[in-house]
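Q: Pasting in a structure now, in structure tokens, and then I'll have a few things to ask.
The values are calculated or read from the model by the stated rules, or taken from the named source; none is laboratory data. Everything quoted here is computed from the prediction, not taken from an experiment. With ideal geometry, Cβ positions are generated from the backbone for all residues, glycine too; neighbour counts draw on all protein chains shown.
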Amino acid sequence: MGRHEQIEKSVLGSMLAENYLIVDSDVKQDFFISQIHKNIFGCMQALLAKRRPVDYITLLTMMEPVLLGGANYLAELANFANQTKFDRYVDMMREAWKNREKNNILIQAKEGDWEIGSIQQAFEELEKEGSVGSETNIKMELVRMGERPYEQTQHVPGVPTGLHDVDKLLDGFQPAELIIIAARPSMGKTDTLNHFALHAGLAGYKPIIFSLEMSRTSMIDRFIAITGGYNRLRMRNPYMHFTDKQKSNWLPTLARLNEANIHIDDRAGLTVSQMRAEARKMIHTEPKLKPIIFVDYLQIIRGNFPNHNRTEMIGQISNELKQLAKEFNCPVVCLSQLNRGVEIRDNKRPVMSDLRDSGNIEQDADVIGFLYRDDYYNIDTDRPGLLEIHIAKHRNGPTGTTTIGYVKETGILHNIDWQEEKRRASRQ
């Protein structure tokens with residue numbers, strides 16, 4: 001079996017497994033070399049147009065089985081499905097098709113004695129035809145904006161963070177933006193991510209979490225703790241350590257957490273391409289819910305080019321995360337480690353140069369936030385239980401530092417009423 005045949009089988013197998021790929025991938029029938037594969041893809045499109053499911057049984061109703069390779073051939077396509085490599089295979093098919101078409105143009109040009117200008121125009125038309133379609137002319141947008149000065153603009157905030165001061169700075173997490181949340185270990189990165197995911201879910205969004213370090217079970221336990229206000233040490237043995245009130249609140253807590261519609265993929269060593277494939281599948285199961293993607297954390301994402309040095313690898317990964325945000329038009333919130341330079345300074349608050357293996361992180365990210373807890377470094381601090389979130393980069397808005405409450409025992413982040421804090425301090 002030739003390589004191109006394996007690639008085509010894999011693309012068709014993936015389409016059988018996930019029917020939405022038939023439309024979403026912008027694949028054309030001519031991309032396939034095998035006539036049998038052309039026929040199969042044409043039947044898939046016809047079934048979708050009739051709003052019928054696409055599987056090897058329904059395909060056999062569309063055309064003579066021999067023209068589709070036979071029943072066994074269709075059934076075996078499922079064995080070649082590989083959604084992780086789907087995008088890459090489609091790109092390879094598209095490029096191979098372009099090369100075939102260029103050769104055809106050159107043959108026709110030689111036979112018809114075309115002028116150089118005609119050949120160049122044919123190549124340009126081919127590039128337009130073979131590219132993934134997108135509207136570039138701004139004419140229609142300008143027409144729609146004609147009445148803008150005379151109409152009250154309806155403000156649409158981004159995905160809420162559940163933290164008032166952070167929302168004031170960012171106006172929520174915005175579509176198509178890459179948000180990097182960076183800190184040294186034990187600062188509360190994962191709890192911060194969980195807080196953002198929970199509040200996004202309860203606000204009606206679809207949080208998709210790629211937990212590359214922590215297991216799904218551990219993540220769920222953390223979500224239960226912050227939803228119900230449970231001490232995580234006590235959660236190791238709820239039967240023994242929970243009070244009757246905490247036990248009675250257990251099922252309502254699970255019900256509340258279920259409302260957040262959180263999805264967790266805890267496979268280790270994923271590439272961004274694998275995340276893209278999995279996210280696409282999750283998004284299409286509930287297309288009415290707008291997604292927000294979380295990744296824990298950047299430095300353990302597997303790169304596609306293992307021979308690159310670490311800085312180049314992280315640069316490639318951060319760029320792919322930005323492209324992921326643009327492709328799905330949703331926020332991508334990714335945690336990141338900081339280098340040890342923080343630890344040798346008197347002032348432990350992170351700065352941009354502390355980004356570990358920074359590569360292009362600073363360039364690719366739309367928002368960069370640093371976490372800092374004074375009570376981690378200073379036992380006698382007068383600011384216990386506080387977490388600083390310093391927005392050091394904000395491509396489309398202001399920067400600044402906000403301070404929130406952080407209960408490490410439960411993982412809860414909460415807003416602080418500073419007027420109440422002042423009144424409490426004065427009473428003491």
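Q: Considering only segment 25-45, how many residues are buried (at least 20 other Cβ atoms within 10 Å of the Cβ) and within 16 Å of GLU101 (Cα to Cα)?
A: 3
Q: Continuing with this model, one more query. Restricting attention to segment 89-125, which residues are of a type outside the set (A, V, I, L, M, F, W, C), surrounded by 15 or more Cβ atoms within 10 Å (Cβ to Cβ), out of contact with any Gly (no Cβ under 7 Å at 6 or more places or on another chain) and under 17 Å from ILE7 (Cα atoms)?
A: TYR89, the sole residue that qualifies.
Q: Another one. Among the residues of segment 140-151, is any hydrophobic (A, V, I, L, M, F, W, C), within 26 Å of the chain's Cα centre (by Cα), part of a loop (DSSP other than H, G, I, E, B) and more than 30 Å from ILE416 (Cα to Cα)?
A: Checked against the condition, which is being hydrophobic (A, V, I, L, M, F, W, C), within 26 Å of the chain's Cα centre (by Cα), part of a loop (DSSP other than H, G, I, E, B) and more than 30 Å from ILE416 (Cα to Cα), segment 140-151 yields no hits at all.
Q: Also, I was wondering about something else. When segment 74-89 is examined, which residues are found to be more than 15 Å from LEU16 (Cα to Cα) and not charged (D, E, K, R)?
A: The answer is TYR89, and nothing else.
Q: Quick one: would you say GLY341 is in the same structural domain as MET275 (by TED's automatic domain parsing), surrounded by fewer than 22 Cβ atoms within 10 Å (Cβ to Cβ), over 30 Å from GLU278 (Cβ atoms) and touching a strand residue (DSSP E or B) at 6+ places or on another chain (Cβ under 9 Å)?
A: no
Q: Still on this model: So which residues in segment 375-385 are touching a residue at least 24 places away in the same chain (Cβ under 8 Å) and crowded, with 16+ Cβ neighbours inside 10 Å, if there are any at all?
A: Matches in segment 375-385: TYR376 only.
Q: Six or more apart or on different chains, Cβ atoms under 6 Å: show the pairs whose first residue is in segment 49-71 and at positive phi and surrounded by 11 or more Cβ atoms within 10 Å (Cβ to Cβ) and whose second is assigned to a helix (DSSP H, G or I) and aliphatic (A, V, I, L, M).
A: GLY69/ILE36
Q: Right, next: Test ALA71 against the stated conditions and say whether it is touching a His at 6+ places or on another chain (Cβ under 8 Å) and either under 19 Å from TYR20 (Cβ atoms) or not hydroxyl-bearing (Ser, Thr, Tyr) (or both).
A: In short, no.
Q: Would you kindly identify the helices (runs of 4 or more DSSP H) lying entirely within segment 286-399 that contain at least 3 residues that are among the acidic types (Asp, Glu)?
A: Once the helices (runs of 4 or more DSSP H) in segment 286-399 are filtered for at least 3 residues that are among the acidic types (Asp, Glu), what remains is 310-328.
To keep it simple, each residue is scored yes or no on (1) assigned to a loop (DSSP other than H, G, I, E, B); (2) buried (at least 16 other Cβ atoms within 10 Å of the Cβ); (3) in the same structural domain as GLU320 (by TED's automatic domain parsing); (4) of a type in the set (Val, Ile, Thr).
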| position | (1), (2), (3), (4) |
| --- | --- |
| LEU198 | no, yes, yes, no |
| ILE224 | no, yes, yes, yes |
| THR227 | no, yes, yes, yes |
| TYR239 | no, no, yes, no |
| LYS247 | no, no, yes, no |
| PRO252 | no, no, yes, no |
| GLY269 | yes, no, yes, no |
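Q: Return the residues of segment 207-254 that are of a type in the set (Ser, Thr, Tyr), closer than 29 Å to GLY158 by Cα and free of Cβ contacts under 8 Å to residues at least 24 places away in the same chain; say none if nothing qualifies.
A: Scanning segment 207-254 gives a single hit, SER218.
Q: Scan segment 6-24 for residues that are at pLDDT below 90 and surrounded by fewer than 21 Cβ atoms within 10 Å (Cβ to Cβ) and jot them down.
A: ALA17, GLU18, ASN19, TYR20, ILE22, VAL23, ASP24 - these are the residues of segment 6-24 that are at pLDDT below 90 and surrounded by fewer than 21 Cβ atoms within 10 Å (Cβ to Cβ).
Q: Another one. Return yes or no: is THR192 crowded, with 20+ Cβ neighbours inside 10 Å and in a loop (DSSP other than H, G, I, E, B)?
A: no
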